[in-house]
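The values are calculated or read from the model by the stated rules, or taken from the named source; none is laboratory data. Predicted model only: the values in this text are computed from it and were never measured. Cβ atoms come from the backbone with ideal geometry, glycine included; neighbour counts cover every protein chain shown. Keep in mind that these areas ignore ligands, DNA and RNA; they rest on the heavy atoms of the full protein, side chains included. Shrake-Rupley method; radii C 1.70, N 1.55, O 1.52, S 1.80 Å.
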Amino acid sequence: MSDPSIKIVMRGDDAGSSQSANLAILHAHEHGNLRNAGIMAPCKHVDHAAEVFNTASSLCLGMHATFTSEWDTPRWGPVADIKQVPSLVMEDGFFPPDSNYFKEQGFELEHFAIELEAQLNRLRAAGLEVAYLDEHMGFNWLEGVGELLCDFARRYNLIYRPELIERGCYLPNPTAESLDAYVAACIQSFQTLTPGTYLILGHPVFDDPEIRQFQGQGMTGEQVALSRVHERELFCDSRILDHWKQQSMIALRYDEL
């Protein structure tokens, strides 16, 4: 007999990139249906993430493996010594803005392996209990990297489910509408789902001076804040939560798959 339920892995990404993100992810977990948090080891607020998430034992934590730095500001680079991973960085010592750079410029697979180890060690040294592995901005399509990620996850007993990306629930652009319109469009997207397991990810933040320093990808700091505040509400707006309750939709942790 087939399972008639709609199950969704609810994931908040980019923890560690700002204190605003860390606090907003905790808020969306405590007041909404966010169940998983992906942490970026190369970013400056990993220790703050550890302090914040240590109070949330029901939040499943993951390593949001990071090899790209998409903003004009802030920027980040490898956890490993750059001399160990030179093919992963641009001339300025930071990661490139997207993974096409590696295809165009070439890379050493061993450098990816070294940096993965360094990122996991950084998170564990902060006291974070990492249960799963996922990718910041997707890079497992690079030659050999998908297999490397699978081997890495097996070696360190991490849950790695890249196929969930193909079962994503595609939501409206959070920058394009008012919050009311965005919430309504999200609910409309949920109504198209058939029974099965899906992935929904967002980048929760609070609108504060810290997050308005994030600029790039054609977006001002104000636009970044607006977009990601809407993404926070994806997880905790009362209208969305009511719809989930009415439809008996189930929010999952990675370790409940």
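Suppose a student asked you for the relative contact order of the chain, using Cα pairs under 8 Å spaced at least 6 residues apart; what percent would you report?
30
Before I look further, what does the stretch 164-257 give for accessible area per residue, probe 1.4 Å, in whole square angstrom?
51
Give a residue-ordered list of calculated ³J(HN,Hα) values for the stretch 131-136 (Karplus: 6.51 cos²θ - 1.76 cosθ + 1.60, θ = phi - 60°; whole Hz; x for Gly, Pro).
9, 9, 10, 9, 10, 6
When only Cα pairs under 8 Å and 6 or more residues apart are kept, what is the percent relative contact order across the stretch 123-257? Could the numbers behind the result be given before it?
Numbers: 121 pairs, mean separation 30.0, N = 135.
Reported as a whole number, the value is 22 percent.
Is the stretch 90-170 rounded, prolate or oblate when judged by the Cα gyration tensor, a ≥ b ≥ c being the square roots of its eigenvalues, rounded requiring a/c under 1.5 and prolate requiring a/b larger than b/c?
oblate
Under 14 Å between alpha carbons, and skipping anything fewer than 8 positions from Lys7 in its own chain: which aspartates and glutamates qualify?
Once the sequence-local aspartates and glutamates are set aside, what remains near Lys7 is Asp255, Glu256.
Using a probe of 1.4 angstrom, how much of the accessible area of the chain is carbon and sulfur, in percent?
So the carbon and sulfur contribution to the accessible surface is 48 percent.
Which whole number in µm²/s is D for the chain by Stokes-Einstein, with the Kirkwood Rh taken over Cα pairs at 25 °C and 0.890 mPa s?
131
By the scheme Lys and Arg +1, Asp and Glu -1, what is the net charge of all other residues having a beta-carbon under 9 Å from that of Ser58?
+2
Hey, what number do you get for the chain at 222 nm if only DSSP H runs of n ≥ 4 count, each worth -39500 (n - 2.57), divided across all residues, to the nearest 500?
-11000 deg cm²/dmol
For a quick protection proxy, order the peptides 79-86, 200-207, 187-194 by their average other-Cβ count within 10 Å, most packed first.
200-207, 79-86, 187-194
Remind me, relative contact order of the stretch 43-192 in percent, using alpha carbon pairs under 8 angstrom and six or more residues apart?
It rounds to 23 percent for the stretch 43-192.
I need the peptides 227-235, 241-249, 117-125 ranked by packing, meaning the mean over residues of other C-beta atoms within 10 angstrom, with the highest value on top.
My ranking of the peptides, most packed first, is 227-235, 117-125, 241-249.
Count charges around Ile114 for me, please; just the other residues with Cβ under 13 Å from its Cβ, Lys/Arg as +1, Asp/Glu as -1.
So the surrounding residues net to -3.
When a/c reaches 1.5 or more, the comparison of a/b and b/c decides; with that in mind, is the stretch 193-248 rounded, prolate or oblate per its Cα gyration tensor?
Verdict is prolate for the stretch 193-248.
Would you look at the GNM of the chain, springs on alpha carbons closer than 10 Å, and say which of Asp47, Asp14, Asp98 moves the most?
Per the Cα network of the chain with a 10 Å cutoff, Asp98 tops the list.
Using a/c under 1.5 as the rounded threshold, could you call the stretch 12-111 rounded, prolate or oblate? The axes a ≥ b ≥ c are square roots of the C-alpha gyration tensor eigenvalues, and prolate needs a/b larger than b/c, oblate otherwise.
prolate
Roughly speaking, what is the stretch gain from Tyr170 to Ser57, that is 0.36 nm per residue apart minus the C-alpha to C-alpha distance, in nm to one decimal?
Here the answer is 37.8 nm.
For the chain, set up a GNM with springs between Cα atoms under 10 Å and report which of Thr197, Thr66, Thr55 has the largest fluctuation.
Result for the chain, Cα springs under 10 Å: Thr55 fluctuates most.
What's the magnitude of the charge dipole for the chain around its Cα centre, counting Lys and Arg as +1 and Asp and Glu as -1 at the beta-carbon? Answer in Debye, nearest 20.
620
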